[in-house]
Structures are given as C-alpha cells and as structure tokens.
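No lab work stands behind these numbers, since they all come straight from the coordinates. Since we're looking at a predicted model, the values are computed, not measured. Cβ: placed from backbone, ideal geometry, glycine included. Neighbour counts: every protein chain shown.
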Amino acid sequence: MILIIQLGLKFDGRSYLELMMSSLSDSFFIPYNMIMNGYLVAFVILNTLLIQVPLLVALVAGDIIAGEANMGTLRLLVIRPVSRTRLLLVKFYASVIYTVALLVWMALLALLLSMLLFGTNDMMIARNTVMEQIRSSDVLWRYFAAFGYATVALSTVAALAFLLSVFADNSIGPIVSTISIVIVLTILSEMRIPLYDNTVKPWLFTSHMLAWKGFFYSQSDGQGAAIPGTIENLPAILRSLGVLLLYIFGFVTAAIVSFKKKDILS
Amino acid sequence: MSPIVQVDGLTKIFKDQEAVNGLSFTVYPADIYGFLGQNGAGKSTTLRMLLTLIAPTAGEIRIFGMDLRTHRREVLRRVGAVIERPDLYKYLTGWENLSLFARMSGLRPDRRQLLDQLELVGLAERAHSKVGTYSQGMRQRLGIATALVHDPDLVILDEPTNGLDPQGIADIRNLILHLSHHRQKTVIVSSHLLSEMELIAGRMLIIDRGKKITEGRVDELFNPAETIVELETADAEDTAMKLGRSRWQPFLRERRGSKFLLKMDKAEIPVLTRELVELGIGVLAIQPRHSLEDYFLTLTTANQHVDAFTA
C-alpha cells in the first residue's frame with residue numbers, strides 16, 4: 001500500500017498537490033517541486049494509513065487470548081505455575097511489541113524510503129487556511145515523536161482488542177467488535193455536534209488518536225514564521241497522551257480482573 | 001500414608017446447572033486413580049477444578065496437603081495434566097512445543113531432558129516434525145510428554161484414550177502403568193470406559209450427574225460373578241409377557257426394543273437359557289455385557305425397573 005502511494009506520487013505528485021492546494025494557488029506561488037519531498041510524502045502516507053493500521057493491530061491483539069482458547073492451548077498455559085496476571089501481561093506486551101514492530105516497519109517504508117525516493121527539503125503543511133513551512137533540519141525529530149505517540153495510540157486499540165479477546169473463544173468476535181467500536185467512536189469524534197463537543201468527545205480515546213499531528217505544528221514568531229524546535233500546543237498533546245495511557249491502563253486492568261475470575265471451558 | 005489429593009464437598013454450579021454436587025474423594029501416592037462416569041457426568045469439570053481452570057462454587061481442594069486456592073503456583077509446579085484433547089501449537093515441532101511448555105513451568109531443559117521425555121512417549125524420531133503432521137495418537141502422547149516435562153508428582157489425564165485406535169489406547173495404557181509402577185507418579189485418569197479403568201486403575205471413583213455413586217478399590221467395587229445379560233428374542237412382546245410371569249422377573253432390569261437386560265450371576269446363564277427354551281421363547285442371542293452403563297444397572301435396585309415389564 002505504501003509503495004503504491006509512493007509510486008503514484010512519484011509519477012503524478014504535482015497533480016495531487018494542485019488538487020490539495022487549489023484554494024491557495026490563486027493567492028500564492030507554490031513551488032510544487034520543492035514541496036513534493038520525502039517528508040511530505042511520509043506525512044501523506046501516515047495520514048492515510050493511521051486510519052487503517054488499527055485494523056492490523058486489532059487482528060493480532062483480538063486473537064491473542066481468544067485464538068489460544070480457540071486452538072485449545074489456553075488451558076495448557078493456564079495450568080502452568082504462572083499467575084494469570086503475569087500470563088496476561090506477557091500476552092499484552094506481545095501485542096505492544098507487534099504494534100511497535102508494525103510502526104517501525106511503517107517508519108522505514110513511509111519515511112526512510114520516501115526520503116530516498118523523493119529527497120528532503122522544507123516541509124509544507126496546509127492547515128485550514130494557513131500554510132506552515134517547517135525547515136528541513138527541524139522535521140526528523142517531529143517524525144520520531146509522532147511515531148512514539150502513534151505507538152501509544154495504537155496500543156490503546158490493542159488494549160481494547162485484548163480486553164474483548166478475554167471474553168471470547170474465537171478471534172472473529174473481538175476483532176470485529178474492536179473495529180466496530182473504533183469506527184463508531186471515530187465518527188463520533190469527528191462529528192460537529194455542540195452537545196458532544198465538550199462533554200463526550202474529550203473522553204473518547206478516538207478523539208486523541210490523531211494528536212500526533214500536533215508535533216508538526218510549530219509556534220510562530222511575530223511575522224508568522226515557524227520557530228524551529230517548537231510545538232504549538234504541547235500541553236494538549238500531553239493531555240491526549242495521558243487520556244490514551246489511562247485507557248490502556250483501564251482496558252488491561254479490566255482484562256486481568258475478568259481473566260482471573262474466568263472459568264476456562266475451552 | 002498422607003493423601004496426595006483430598007477433595008471435600010466440591011460443588012460447581014454453572015448459572016442454574018449443577019455440574020458437580022458435593023463431591024468428596026481422596027487419592028493416595030503412586031496410585032492410579034480412575035475417574036469413571038458417562039459423558040456429561042462431571043468428570044472434566046472436576047478435573048478442571050483440580051487444575052484451577054474452573055473455580056469451585058463450594059468445597060475444598062487440598063493437593064500435597066496445601067489449599068489449592070492459596071497455594072496455586074506451588075501446587076501446579078508439581079502437577080502435570082492433559083485435559084481432553086492435547087491441543088498443542090500445530091505450527092511448532094514436537095520438540096519446540098515441549099521446550100516451550102518446559103520453560104513455562106520454570107525450567108531451562110537441556111537437550112537430554114527433552115529427548116528423554118520424547119523417548120518415553122515414543123516420539124523421539126518425529127521430534128522435529130511439525131505437530132500439524134502428527135496423528136491423533138502422537139499428539140496425545142506429546143501432550144502427555146508436555147505434562148511430564150517438569151517431572152510432576154501428580155499427573156492428571158482427562159480421557160487420554162479418546163479418539164485413539166486400539167494400538168493407541170494400548171500405548172497410553174502402558175504409559176500410565178509405567179508412570180505409576182516405575183516412576184512412582186500418582187495418576188488421576190478419567191474415562192467413560194469401564195473396561196479401560198479396570199485394566200489400569202487401583203482405586204476408582206464413579207460419578208453420575210455430578211454426584212458420587214461409589215468409590216473404592218477396583219477389585220472390591222466389582223463382583224466378578226455378577227453381570228448384566230443381554231437377551232434378544234424373536235418375539236419381544238411374547239418374551240416380555242412370559243418373563244414377567246416367570247421366576248426371572250426380579251432379574252429384569254431394562255427393555256430396549258427387542259432386547260432385554262437381566263442382572264444375574266454368570267453361573268445362572270445356562271439355567272436361564274434352558275428355561276427360556278422350555279417357556280417357548282425363540283432366543284436369537286444371549287450374552288453377558290460389560291459397560292459402564294451396565295455397571296450402573298447392577299447398582300440399581302430391581303424395583304426401579306420392574307414397572308417397565310408389568311405395565
């Protein structure tokens with residue numbers, strides 16, 4: 001998928017940019033050749049894929065306990081002299097390791113390969129009516145921070161799938177349920193309903209999953225230029241990070257409490 | 001001799017269904033303890049409670065003198081088990097499965113230890129084949145190897161001969177006897193096959209619908225002289241009427257279509273045969289039976305079944 005996007009942008013990136021920046025092209029001269037570089041391509045890819053990657057995470061985390069129950073191996077694990085809490089924590093760590101590996105792989109393909117294919121230059125990001133330019137030397141650390149944040153965001157999905165996995169004896173249920181919950185909550189997070197804006201949305205984990213983009217928004221000086229090494233709203237990112245960590249803790253704790261009481265009948 | 005397992009008043013209720021009801025029994029060291037009951041009698045539920053897979057609703061389990069609730073890990077360190085089918089990781093080899101479960105038991109087994117276990121169950125030659133390519137019997141034996149890999153004192157095997165061919169059944173039987181006689185393991189083995197239990201068990205518990213029917217030494221539980229005889233005749237209605245009026249009426253236990261089950265001494269079978277002919281009953285077949293179901297019939301009183309013939 002990443003390679004398909006990269007190939008498309010390599011051969012017809014200008015058309016893509018013209019389409020994306022049609023509202024700005026009348027007012028500004030846009031140097032398309034400079035803008036279309038590895039950093040922007042990686043940003044486009046991450047925007048596209050970070051919506052779909054939860055599916056890959058749910059596939060593995062939803063299967064991690066339910067799959068064992070389905071195979072009949074869960075009872076062989078539970079009768080070993082290991083506490084159920086430890087067994088479950090190790091299983092959750094395995095889900096997180098998979099999530100990290102997935103993101104590292106994405107980073108290699110989306111960022112490193114894009115940098116090789118398209119080269120590097122200043123990164124231009126369109127935000128509503130504002131165009132932000134981040135200097136080439138100021139981009140890479142933002143990607144590392146974004147990938148770190150995405151690890152926590154996707155681990156939240158993993159924790160949800162993991163919790164549902166404890167209640168099931170086959171993988172389909174937890175996987176489908178996780179995806180359904182993520183889709184419904186994402187729609188709710190994106191809808192502009194004043195009633196929900198300040199009451200429900202701040203507490204939905206899906207409202208915080210895309211906060212990684214905040215690492216690419218810099219503070220600006222008096223002339224409207226981005227100040228290198230700054231983040232526009234770090235407290236908001238940290239707050240989102242805190243909400244996601246709370247969700248992970250809650251999901252995993254609920255999974256452990258349920259699993260400790262569960263009769264293994266599979 | 002201190003018991004290895006002491007179970008007192010064990011009860012398990014699933015929602016509103018009572019799977020095990022007030023079960024009590026004791027298992028002594030180096031014994032092969034048979035756990036006999038028909039399908040759905042509560043055998044697996046009881047064994048799962050002994051392994052902490054299922055939490056009891058009531059009752060107490062002590063293994064090696066320790067309360068299972070408070071000493072779970074200490075107990076499980078000394079217990080090996082195979083519950084129902086030994087579903088191992090099919091994409092791993094036998095060797096890898098064994099190594100994995102050894103490590104989960106807190107061991108770092110060397111090559112020799114793993115090989116010994118695989119040799120014990122006759123799988124050394126297929127050690128490096130994927131478990132997905134194993135036959136049912138081989139998987140069963142590998143399951144037993146994973147149960148033995150940490151050298152437990154107590155081995156619990158739930159229906160280990162299920163789905164095996166006669167040779168596979170004999171292999172498992174010999175393995176269980178070897179564990180008890182040569183390695184001094186205490187073995188609890190469940191089955192719904194009375195004949196299997198008679199061949200290996202020293203003591204036996206028989207349960208039905210979650211309740212204990214009887215417990216004791218196998219040679220004391222069964223009266224070798226007494227049996228259930230199955231009689232098949234040409235005219236079932238005529239036979240029911242004539243038997244109902246004859247001196248054999250108290251021996252009748254059950255009628256199944258054209259077949260009748262009678263409980264009697266084996267020595268009386270020739271007398272029965274002769275008198276059936278004298279009564280003018282056309283006998284198609286007469287043979288002693290030996291199943292768990294028949295054993296349950298020998299435990300019931302005659303009055304419970306007479307109605308079926310006199311109504």
Counting other Cβ atoms within 10 Å of each Cβ, which chymotrypsin sites (Phe, Trp or Tyr not before Pro) in the range B:38-92 have at most 13 and sit in a DSSP loop? B:91
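Report relative contact order for the range A:102-168 in percent, whole number only (criteria: Cα-Cα under 8 Å, sequence separation at least 6).
Taking the mean separation of contacting Cα pairs over the length of the range A:102-168, I get 25 percent.
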What residues qualify as long-range amide H neighbours of residue B:208, i.e. H under 5 Å apart, gap of 5 or more or another chain, H built at 1.01 Å from N? B:213
Spatially proximal lysines relative to residue B:15 (Cα-Cα < 27 Å; intrachain offsets below 8 disregarded): A:260, A:261, A:262, B:43, B:211, B:212
As I understand it, the dipole of the protein assembly as shown uses +1 on the Cβ of Lys and Arg and -1 on the Cβ of Asp and Glu, about the Cα centre. Which of B:206, B:109, A:171 lies farthest toward its positive end? B:109
What's the FRET efficiency of residue B:241 with residue B:220 using the Cβ-Cβ distance as r and R₀ = 45 Å, to the nearest 0.05? 0.70
Rg/Rh for chain A to two decimals, with Rh computed the Kirkwood way over all alpha-carbon pairs. 1.04
Cα centre as origin, Lys/Arg/Asp/Glu Cβ charges: chain A dipole, Debye: 1000
Residue of B:294, B:153, B:87 that the Gaussian network model of chain B assigns the largest fluctuation, springs spanning Cα pairs under 10 Å: B:87
Report Rg/Rh for chain B, rounded to two decimals, where Rg is the Cα radius of gyration and Rh the Kirkwood radius. 1.07
Would you mind checking the tilt of helix A:172-190 against the longest principal axis of the Cα atoms of chain A, expressed as 0 to 90 degrees and rounded to 10? 40
In whole percent, what relative contact order does chain A give with Cα contacts below 8 Å and a gap of six or more residues? 25
Any chance you could give the angle, 0 to 90 degrees and rounded to 10, that helix B:236-245 forms with the longest Cα principal axis of chain B? 70
Going by how many other beta carbons lie within 10 Å of each one, how would you line up B:52, B:186, B:214, fewest first? B:214, B:52, B:186
Placing +1 on the Cβ of each Lys and Arg and -1 on the Cβ of each Asp and Glu in the protein assembly as shown, which of B:54, A:211, B:160 has its Cα farthest towards the positive end of the resulting dipole? A:211
How far, in degrees from 0 to 90, does helix B:111-120 lean away from the longest principal axis of the Cα atoms of chain B, to the nearest 10? 10
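How big, in percent, is the set of alpha carbon pairs in the range A:80-219 lying more than 19 Å apart?
On the way: 6336 of 9730 pairs.
That tail contains 65 percent of the Cα-Cα pairs.
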Value at 222 nm in deg cm²/dmol, rounded to 500, when DSSP H runs of n ≥ 4 in chain A each add -39,500 (n - 2.57): -20500 deg cm²/dmol
Efficiency by 1/(1 + (r/R0)^6): what FRET value for residue B:266 and residue B:111, r their Cβ-Cβ distance, R0 = 60 Å, to the nearest 0.05? 0.65
Proxy reagent accessibility, fewest Cβ within 10 Å first, across B:260, B:222: B:222, B:260
Restricting to Cα pairs below 8 Å that are 6+ residues apart, what does the relative contact order work out to for chain B? Please round to a whole percent. 20
Under a cut-off of 16 Å between alpha-carbon atoms, report the lysines in cross-link reach of residue B:130, not counting same-chain residues fewer than 8 places apart. B:90
Over the Cα atoms, compute the radius of gyration (one decimal) and Dmax (the largest Cα-Cα distance, rounded to a whole number) for the protein assembly as shown, in Å. 34.5, 122
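Take the Cβ-Cβ distance between residue A:144 and residue B:151 as r, set R0 to 51 Å, and report the resulting FRET efficiency rounded to the nearest 0.05.
0.55
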